[in-house]
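Colleague: Handing you a structure now.
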Amino acid sequence: MHELGHAIAAILSGRFVSGIRIHRNHSGDATSSGRGVAGTVISGIFGYPEPAIAGAALLWSVFTGYTATALFAGGVVLVVTLLVIRNLFGVLVVLASAAVAAGLWFWANPEVRGYALLALGIALLVGALRGLVTVVGVHTARRGQLRTSDAYLLFKRTGVPSPVWLTVFALIIGACLFFAVGVAVDGLGLRTVTV
């Protein structure tokens, strides 16, 4: 999901994505090219927040009745992603994910789809928080791994200090969590109105 976030942001900012590699240790890389710093910055920012964005969107789909649409859109994104996956493990992960999405879309009833997307959405939100804690840890406790940090790479590209980029990641992830909790509270009817 992290690398897909980089790739989608790169495409939306006018860059050309030449490849995504996903490794068994959950690492990966997305390679893109283009002119200017803006596209690099935009694509660099959206790796860590992407799971939170997707998780919040999935929770919204659950609580607004759009689970079939979310599964279809996710399946399309996964199939299109196959065009830029550059390793066998990555292809297998994307094919398995697309198969699960298609299976849920074709054969699951709305309740099962809802629970599946609710679980996946929560997992993605928790994963985004875990990724944020991990990258902050790289900057505070495991500085030998700095070269693997998107915040560090953004610093090298722009000169803006890494803590600023970490704060941007945290703000986007926090906004997604706030949105997701709000959607869930509304969807479950937990919000009380006082007059």
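The values are calculated or read from the model by the stated rules, or taken from the named source; none is laboratory data. Everything numeric in this text was worked out from a predicted model, so none of it was measured. Ideal geometry is used to build each Cβ from the backbone, glycine not excepted, and the neighbour counts take in all protein chains shown.
A quick yes/no check of all residues on (1) at pLDDT below 95; (2) surrounded by 16 or more Cβ atoms within 10 Å (Cβ to Cβ); (3) among the aromatic types (Phe, Trp, Tyr):
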residue: 48; (1), (2), (3): yes, yes, yes
residue: 53; (1), (2), (3): no, yes, no
residue: 56; (1), (2), (3): no, yes, no
residue: 72; (1), (2), (3): yes, no, yes
residue: 76; (1), (2), (3): yes, no, no
residue: 86; (1), (2), (3): yes, no, no
residue: 109; (1), (2), (3): yes, no, no
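Colleague: Something else now. With 190, 124, 104 as the choices, which residue is at pLDDT below 95, under 29 Å from residue 66 (Cβ atoms) and under 21 Å from the mean Cα position of the chain (by Cα)?
Modeller: The unique qualifying residue is 104.
Colleague: Among the candidates 171, 154, 146, which residue alone is surrounded by 18 or more Cβ atoms within 10 Å (Cβ to Cβ), under 24 Å from residue 7 (Cβ atoms) and of a type outside the set (Asp, Glu)?
Modeller: Answer to the selection: 154.
Colleague: Looking only at residues that are over 16 Å from the mean Cα position of the chain (by Cα) and closer than 23 Å to residue 123 by Cβ in segment 10-46, which one is surrounded by the most Cβ atoms within 10 Å (Cβ to Cβ)?
Modeller: The qualifying residue surrounded by the most Cβ atoms within 10 Å (Cβ to Cβ) is 23.
Colleague: Now a separate question. Of the residues that make up segment 163-186, is at least one in contact with a Leu (Cβ under 9 Å, 6 or more places away or on another chain), at pLDDT below 90 and of a type in the set (Gly, Ala, Ser)?
Modeller: Scanning segment 163-186 turns up no residue that is in contact with a Leu (Cβ under 9 Å, 6 or more places away or on another chain), at pLDDT below 90 and of a type in the set (Gly, Ala, Ser).
Colleague: Please go through (1) under 24 Å from residue 9 (Cα atoms); (2) in contact with a Gly (Cβ under 8 Å, 6 or more places away or on another chain) for residue 105 and return the number of the only condition it doesn't satisfy.
Modeller: That leaves (1) as the condition not met.
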